[in-house]
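The values are calculated or read from the model by the stated rules, or taken from the named source; none is laboratory data. Keep in mind it's a predicted model, so treat the numbers as computed, not measured. Here Cβ is always computed from backbone atoms with ideal geometry, including for glycine, and neighbour counts include all displayed protein chains. We work out accessible area using only protein heavy atoms, side chains counted, and drop any ligands, DNA or RNA first. Shrake-Rupley method; radii C 1.70, N 1.55, O 1.52, S 1.80 Å.
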Amino acid sequence: MTRASSRSEHDNAPQAGERPGGGLFPLFADLRGRGVLVVGGGAVAQRKTAALLDAGATVRVGAPTLNPGLSAWAAEGRIEHLPGEFAPQWLDEAWLAIAATDDAAVNRAVAAAGEARRIWVNVVDDVEASGFHVPARVERGPVQIAISSGGGAPMLARHLREKLETELDESLGALAQLLNRERARIRRHYPDLGQRRRFFERVLAGAIPALLRDGRHDEAQRAFGAALIDDKPAAPPAGSVVLVGAGPGDAGLMTLRGLRALNQADVILHDRLVSRDVLRLARRDAELIEVGKQAGNHHTTQERIHELMLEHARAGKRVVRLKGGDPFVFGRGGEELEVLAQAGIGFEVVPGITAALACAAYAGVPLTHRDHAQSLRLVTAHLKDSAGDLDWQALAQDKQTLAVYMGVAGLDVLRDKLIEHGRAASTPFALIENGSRPGQRVVTGTLADLAERAQGHRVQSPALLIVGEVAALAQRLHWFGPAPLTEPPADAALARAA
Ligand code: SAH
């Protein structure tokens with residue numbers, strides 16, 4: 001029962017929950033050097049103490065005994081320990097108190113003693129007894145966003161916090177720092193509030209936030225100086241391209257930075273390999289253009305992709321070029337950036353989880369291992385035409401893992417070449433189809449029967465091949481999707497017997 005509902009039941013006062021903000025008044029308290037009492041000596045008390053110390057408070061922790069973390073802080077002099085049972089005098093010199101014991105009666109006693117002395121008390125997990133609530137919060141440097149659900153639905157507040165964490169990138173902190181630093185100069189330059197407001201709008205709509213996002217702090221500072229003396233409205237933001245790695249399919253493997261780029265994109269040029277789950281993360285009104293190159297059927301040429309990027313960027317659009325896995329691993333990302341650099345169009349690159357890393361993780365294959373593999377090679381081969389170009393001598397060395405990106409045709413050539421150059425026919429392999437996706441399958445065996453196994457199980461693209469001793473670990477360490485297929489399929493066995 002909340003304080004709000006108990007009050008409305010007993011004295012017909014308007015329900016606090018009906019007031020804006022649930023009847024709570026938000027404030028940010030400056031606790032530097034101010035005394036705060038925490039009652040309780042366990043993990044919760046420690047968590048609260050840590051947050052208070054971060055805010056610069058002088059914390060006294062009252063409890064018969066302290067957990068090891070709090071004891072260490074007391075020994076270091078970071079906090080003062082008040083031993084024994086709660087006594088109202090503990091509140092002397094406190095501005096605030098937090099009751100964080102696991103005994104509701106003690107917590108209530110702290111709340112009552114605080115009330116009597118007009119000291120704000122928060123009782124952990126007890127809305128009714130609390131005079132103030134500690135909000136969920138998002139921090140970016142000096143910027144803080146505090147979220148309250150009115151006390152009754154902390155899960156909802158936490159959910160909103162997670163959303164904001166994804167939405168707001170770290171550069172917001174740097175932006176606030178810059179504006180804080182320049183506050184006096186801005187006021188001197190624009191004494192009039194209306195002017196000042198227009199100046200801020202110009203700065204926020206211009207290049208400075210993007211420069212900070214790219215870690216170009218000196219340039220941002222210079223651009224700020226220029227904006228301060230230049231009263232012209234900001235030029236419309238120039239178009240730009242963000243090359244984003246979408247990862248292997250599971251949308252959870254996208255980076256936060258990639259997600260933010262998707263949220264801001266006007267146009268998304270994506271490969272066919274990019275999964276639906278990832279595309280669903282895009283802004284609803286973004287224009288999605290598939291520029292996938294299907295195996296054998298290059299229905300969008302690389303030149304056409306370059307043209308599309310240039311065309312949309314030149315029209316002032318924010319373009320995301322979304323690629324499967326990582327854009328710089330067998331993704332022709334380098335070529336696309338060359339084109340942009342040549343055309344003078346700004347770009348960023350957001351890495352993604354490449355197929356080798358994702359497939360290995362989702363199949364339970366550690367790519368390096370103290371006993372089995374000290375190095376990893378990422379290889380691609382359209383073996384039908386380019387087998388001659390590869391350094392088979394190096395590829396066939398043992399104590400290393402090969403991660404082969406390729407179509408599934410040509411596995412027989414690969415097997416023959418590796419064995420011919422000295423890799424043992426008994427070397428384990430794991431072939432991972434649709435890695436990290438709902439239809440993931442893992443086929444395992446030894447190099448000797450690689451091609452037959454793959455054919456027998458009708459492995460389709462996209463599939464990634466791992467060759468090396470570590471591949472055998474999939475049998476014990478797999479965790480995602482169905483267990484690895486370790487035998488030839490039944491019909492293949494029949495066919496051989498016939
Ligand atoms: N830039 C991508 C690779 C593009 S080449 C990356 O970093 O992952 C395309 C090849 O990647 C496919 O032929 C296949 O071998 C591999 N691949 C990509 N996604 C895959 C997935 N989900 N499962 C298995 N293999 C995948």
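A few points about this structure:
- Enumeration of residues in region 261-282 that are touching a strand residue (DSSP E or B) at 6+ places or on another chain (Cβ under 9 Å) and surrounded by fewer than 18 Cβ atoms within 10 Å (Cβ to Cβ): Q264, D266, R272, L279
- Within the set G331, G258, G325, G252, the sole residue that is surrounded by fewer than 14 Cβ atoms within 10 Å (Cβ to Cβ), within 14 Å of the ligand (Cβ to nearest atom), outside the structural domain of Q440 (by TED's automatic domain parsing) and within 26 Å of the chain's Cα centre (by Cα) turns out to be G252.
- For the criterion of being aliphatic (A, V, I, L, M), farther than 25 Å from L259 by Cβ, at pLDDT below 90 and open to solvent by 90 Å² or more (accessible area, probe 1.4 Å), L228 fails.
- Tally, over region 310-322, of residues that are outside any helix (DSSP H, G or I), more than 16 Å from the ligand (Cβ to nearest atom) and either out of contact with any Ser or Thr (no Cβ under 8 Å at 6 or more places or on another chain) or open to solvent by less than 20 Å² (accessible area, probe 1.4 Å) (or both): 4
- Of everything listed in (1) away from the ligand (no atom under 16 Å from the Cβ); (2) at pLDDT 95 or above, the single unmet condition for W392 is (2).
- Count of region 172-199 residues, restricted to those that are part of a helix (DSSP H, G or I), at pLDDT 90 or above and closer than 19 Å to E219 by Cα, is 13.
- Once region 420-435 is narrowed to residues that are in contact with a Ser or Thr (Cβ under 9 Å, 6 or more places away or on another chain) and not acidic (D, E), the residue that is nearest to L465 (Cα to Cα) is L431.
- Single match in G152, G194, G225 (criterion: over 30 Å from M254 (Cβ atoms) and touching a residue at least 60 places away in the same chain (Cβ under 8 Å)): G152
- Number of the exception - V408 against (1) within 11 Å of the ligand (Cβ to nearest atom); (2) crowded, with 22+ Cβ neighbours inside 10 Å; (3) of a type in the set (V, I, T): (2)
- Checked against the criterion of being crowded, with 16+ Cβ neighbours inside 10 Å and within 25 Å of the chain's Cα centre (by Cα), the candidates G215, G173, G206 yield just one match: G173.
- Residue that is farthest from the chain's Cα centre (by Cα) [pool: residues in region 429-461 that are basic (K, R) and within 12 Å of the ligand (Cβ to nearest atom)]: R441
- Restricting attention to region 425-439, the residues that are open to solvent by less than 30 Å² (accessible area, probe 1.4 Å) and out of contact with any helix residue (DSSP H, G or I) (no Cβ under 6 Å at 6 or more places or on another chain) total 1.
- For the residues A360, A387, the requirement of being open to solvent by less than 30 Å² (accessible area, probe 1.4 Å), at pLDDT below 95 and part of a helix (DSSP H, G or I) singles out A387.
- Residue, farthest from the chain's Cα centre (by Cα), within region 411-423, restricted to residues that are away from the ligand (no atom under 16 Å from the Cβ) and open to solvent by 10 Å² or more (accessible area, probe 1.4 Å): E420
- Across region 440-456, not a single residue is classified as open to solvent by 10 Å² or more (accessible area, probe 1.4 Å), touching a strand residue (DSSP E or B) at 6+ places or on another chain (Cβ under 8 Å) and in a loop (DSSP other than H, G, I, E, B).
- The combined condition, being among the acidic types (D, E) and more than 16 Å from the ligand (Cβ to nearest atom), is fulfilled by E338.
- Of the criteria (1) assigned to a helix (DSSP H, G or I); (2) open to solvent by 40 Å² or more (accessible area, probe 1.4 Å); (3) within 15 Å of R60 (Cα to Cα), which one H81 fails: (1)
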